[in-house]
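A.B. asks: Please see the structure below; I have some questions.
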Amino acid sequence: MIKLYASGGGSMLKMSDILDEKEKILREKSVDVKFPISNERKKLVHDMIEFLTDSQIDELALKYDLRPGMGLAAIQLGIKERFFVVVHEVDEGKFDNYVIFNPKLISNSEEMIYVGEGEGCLSVNREVCGIVPRYARITVEGYDEDGNKIRIRAREELAIAFQHELDHLDGILFVDKIDPKNPFKNKDLYREI
Ligand code: NI
């Protein structure tokens, strides 16, 4: 067995590896990933998980100078491939990791929600207020890194994270979904979380 991953030393990724919204590539549509994926990609996925996990642990975020983030799409690292990583803190210091290649939204609730304090994105380095309506519950299908088909149901915060990352794969940023003239438009139609 080749040991691909080091641990405990912080992620190989740095904040400066993440493209800012000014970069045009973030507006491009990513393309499907072909299997088998390379060890280099698997290593990158691991680094993305480690980066996002560290960023959500205060002392590590401070140590490595990371802005907290829950998700990262490959395009944010300049890689135009359809996959993303989400690291979800389910309990204090306990994280679930999701890695989905070629993800597709296959069903959604009618109910829509939004993050009351506003969404954030590691590529958007400014405060943006406003409502981004998202489905409260979704089912996503895709593939794991070994090419096995996976299906994940997500709700609430996790569902929002998935939808945010799915948008990245189509070149859409959350800020695109906020009307700057009326950022809280139709607020009452959606449930705040
Ligand atoms: Ni983002």
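A.B. asks: At a Förster distance of 25 Å, what's the computed FRET efficiency of Val31 paired with Asp176, Cβ-Cβ distance as r, to 0.05? Let's see the in-between values first.
C.D. replies: Values: r = 20 Å, r/R0 = 0.82.
The computed FRET efficiency comes out at 0.75.
A.B. asks: Oh, and also: Can you list residues from other chains, or at least 5 along the same chain, whose modelled amide H is less than 5 Å from the amide H of Phe95?
C.D. replies: For Phe95, the qualifying residues are Val90.
A.B. asks: Among Ile106, Gly116, Ile131, whose Cα sits farthest toward the positive end of the charge dipole of segment 61-142 (+1 at Cβ of Lys/Arg, -1 at Cβ of Asp/Glu, about the Cα centre)?
C.D. replies: Highest projection toward the positive end goes to Ile106.
A.B. asks: Which whole-Hz couplings ³J(HN,Hα) result when phi for each residue of segment 62-67 is put into the Karplus expression 6.51 cos²θ - 1.76 cosθ + 1.60, θ = phi - 60°, listed in order with x for Gly and Pro?
C.D. replies: Values, residue by residue: 5, 4, 9, 6, 10, 8 Hz.
A.B. asks: Let me ask another. Just report the Cα centroid separation between segment 42-59 and segment 121-185, whole Å.
C.D. replies: Here the two parts' Cα centres lie 19 Å apart.
A.B. asks: What dipole magnitude, in Debye to the nearest 20, does segment 5-192 give about its Cα centre under +1 on Lys/Arg Cβ and -1 on Asp/Glu Cβ? It would help to have the intermediate numbers written out before the result.
C.D. replies: Working: 27 positive and 36 negative charges, 133 e Å.
That gives segment 5-192 a dipole magnitude of about 640 debye.
A.B. asks: Once phi is turned into ³J(HN,Hα) by the Karplus curve 6.51 cos²θ - 1.76 cosθ + 1.60 with θ = phi - 60°, what whole-Hz value does each residue of segment 25-42 show in order, with x for glycine and proline?
C.D. replies: Running phi through 6.51 cos²θ - 1.76 cosθ + 1.60 with θ = phi - 60° gives 4, 5, 8, 8, 7, 7, 10, 4, 7, 9, 9, x, 7, 6, 4, 4, 5, 4 Hz.
A.B. asks: Now, a different point. Gain in length, Arg151 to Glu111, computed as 0.36 nm per residue apart minus the alpha-carbon separation, to one decimal in nm? If you can, show how the numbers build up before the last one.
C.D. replies: Values: separation 40, 0.36 × 40 = 14.40 nm, distance 2.06 nm.
Contour length minus the Cα-Cα distance gives 12.3 nm.
A.B. asks: Which ³J(HN,Hα) values in Hz, rounded to whole numbers, follow from the phi angles of segment 156-162 under the Karplus curve 6.51 cos²θ - 1.76 cosθ + 1.60, where θ = phi - 60° and Gly and Pro get x?
C.D. replies: After applying 6.51 cos²θ - 1.76 cosθ + 1.60, I find 6, 3, 5, 4, 5, 4, 4 Hz.
A.B. asks: Hey, another quick one. Taking 0.36 nm per residue of sequence separation and subtracting the Cα-Cα distance, how much length would be gained by fully extending the chain between Lys42 and Leu62, in nm to one decimal?
C.D. replies: On the way: separation 20, 0.36 × 20 = 7.20 nm, distance 2.64 nm.
Going from the current span to full extension adds 4.6 nm.
A.B. asks: Show that you can apply the helix-only estimate: for the chain, add -39,500 (n - 2.57) for every DSSP H stretch of four or more residues, divide by all residues, and state [θ] at 222 nm to the nearest 500.
C.D. replies: Working: 3 runs with 38 residues, N = 193.
After summing the helix terms and dividing by residue count, I get -6000 deg cm²/dmol.
Coordinate-derived values only; no laboratory data. As the structure is a prediction and not an experimental result, all values here were calculated from the model. Because the Cβ atoms are built from the backbone with ideal geometry, glycine has one as well, and the counts that use them run over all protein chains shown.
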